[in-house]
Amino acid sequence: MKKRTKITIWTIVIIAIVIIGSFILLSRNKSKISSDTGLSSSIYLKYQVKTDIGDSIEVVGTVQASTKSVMPKVSGEIKEIYVEKGDHVEAGQLLAKIDDLQYQVQYLNALNDYESSSNLGERMKQVKKLQLELAEKNLEYTDITAPVSGVISEVNITEKDVIGTTAAAFTIVEDNNLKVKVAIDEIDIPLIKEGMEATIVFDSLNLNLPGRISWISPTATTDMGIVVIPIEIEFEEEDVNQYPIISGMTADVEIVTLKLEGTVAVPKDAIQIGPDGSKMVYKMTQEGGMEPVQVQTGRETDKMVEITSGLSKEDVVLIIPSSQEADRLMQQYGLTISIPSITPTTPSRVPPTGGGRGGF
């Protein structure tokens, strides 16, 4: 036998001795609990009752910004342009000027007609008044202004161009109105509601920002053969522009579907079902023993269950490993593990149940 083979065998033997010794020590430490309850298991897990639990869904989304096409409201020749592509503008800011000579003439003619209408009937006076208001507005419209705040992404005109009212002169990206668009699997849509909290994570920026669901599409779409529902997540912070976030960036989004604070919760594996169908847990006593306590349960996550009565936040519950977990330990370490013997008067285990996509 080679020296390396001998070393390997001795290493395995030492590891096995350490593992077996650990289980023996754990068995001795729990001997008092076993004698108090009559259960034959040598392995118990202590769990301090939680007071906050929740559930969430994780998806990947893309940052998108609303865009606004700026179309002139009157036609004419472009006299001046005051902004360039990439400029940041505020709502109401002057972007360009249309030659207003003909509109000044139309306004003065309308004003003259209105002032001369004192001898006309009331209906004609009203007509002249409306014509004056229209001429005044058209004169104002020769100033092309920004309808929203944002960044100029396109400038489609040059000076001396003659433009109409059907083509966009500018395109503005509303960088102060960024949102994250994601798609939710149709099986998760019953869990989603507008107003739910979310966390938007940018790994590339090492940045986590709070968000909230602002819109859920009324119709589903198909993405690579999977039916999904588009939704939008808005940022909770007002000044998102302080961060280097731009449209098109990828973000991980965790949507909080359940959030319980100040409640009592335990792992689902701690719940036992009694012969009469009641739910029970094993609570550690002050003396280090174990006593069964009947409980009432509330909402659940993937791994946790809310306890509405029967436990307090100071309690410690004892969890007996499931048979599946015992099988895993036996296969991994080649050990024989004692599983609790359940008597007719002792609650039986609750089979594990499924839950959401995540939990905490």
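The values are calculated or read from the model by the stated rules, or taken from the named source; none is laboratory data. These figures come from a predicted structure and were not determined experimentally. Because the Cβ atoms are built from the backbone with ideal geometry, glycine has one as well, and the counts that use them run over all protein chains shown. For the accessible areas, the whole protein counts, side chains as well, though only heavy atoms, and no ligand, DNA or RNA atoms are used. Shrake-Rupley method; radii C 1.70, N 1.55, O 1.52, S 1.80 Å.
Of the residues in the range 182-199, none is in a strand (DSSP E or B), touching a residue at least 40 places away in the same chain (Cβ under 8 Å), over 30 Å from T257 (Cα atoms) and small (G, A, S). One residue stands out in the range 221-243 among those that are aliphatic (A, V, I, L, M) and open to solvent by 60 Å² or more (accessible area, probe 1.4 Å): the one that is nearest to T51 (Cα to Cα), namely I226.
Across the range 281-304, the number of residues qualifying as of a type in the set (A, V, I, L, M) and either surrounded by fewer than 20 Cβ atoms within 10 Å (Cβ to Cβ) or within 28 Å of N208 (Cα to Cα) (or both) comes to 3. Of the residues making up the range 298-320, those that are of a type in the set (S, T, N, Q) and not in a loop (DSSP other than H, G, I, E, B) are T308, S309. The criterion of being touching a residue at least 12 places away in the same chain (Cβ under 8 Å), touching a Leu at 6+ places or on another chain (Cβ under 8 Å) and surrounded by fewer than 18 Cβ atoms within 10 Å (Cβ to Cβ) does not hold for L134. Remark: Y114 matches the filter, which requires a residue to be open to solvent by 60 Å² or more (accessible area, probe 1.4 Å) and over 30 Å from V317 (Cβ atoms). Candidates are the residues of the range 244-270 that are among the β-branched types (V, I, T) and open to solvent by 10 Å² or more (accessible area, probe 1.4 Å); the one that is farthest from S214 (Cα to Cα) is V264. Of all residues in the range 49-90, which are among the acidic types (D, E) and either at pLDDT 95 or above or more than 30 Å from L191 (Cβ to Cβ) (or both)? Listed by number, the residues that qualify are E77, E80, E84, D87, E90. Check the range 206-219 and report whether any residue there is among the aliphatic types (A, V, I, L, M) and free of Cβ contacts under 8 Å to residues at least 12 places away in the same chain. Scanning the range 206-219, I find no residue that is among the aliphatic types (A, V, I, L, M) and free of Cβ contacts under 8 Å to residues at least 12 places away in the same chain, so the answer is no.
Of the residues screened, P210 is not one that is outside any strand (DSSP E or B) and either under 13 Å from the mean Cα position of the chain (by Cα) or not hydroxyl-bearing (S, T, Y) (or both). I'd like to check something: does the range 59-72 contain any residue that is open to solvent by less than 80 Å² (accessible area, probe 1.4 Å), closer than 20 Å to K160 by Cα and of a type outside the set (S, T, Y)? The answer is yes; a qualifying residue exists.
Hey, can you tell me all the residues within the range 172-210 that are farther than 21 Å from T67 by Cα and open to solvent by less than 40 Å² (accessible area, probe 1.4 Å)? Matches in the range 172-210: I184, D188, I192, G195, M196, A198, I200, V201, F202, L207, L209.
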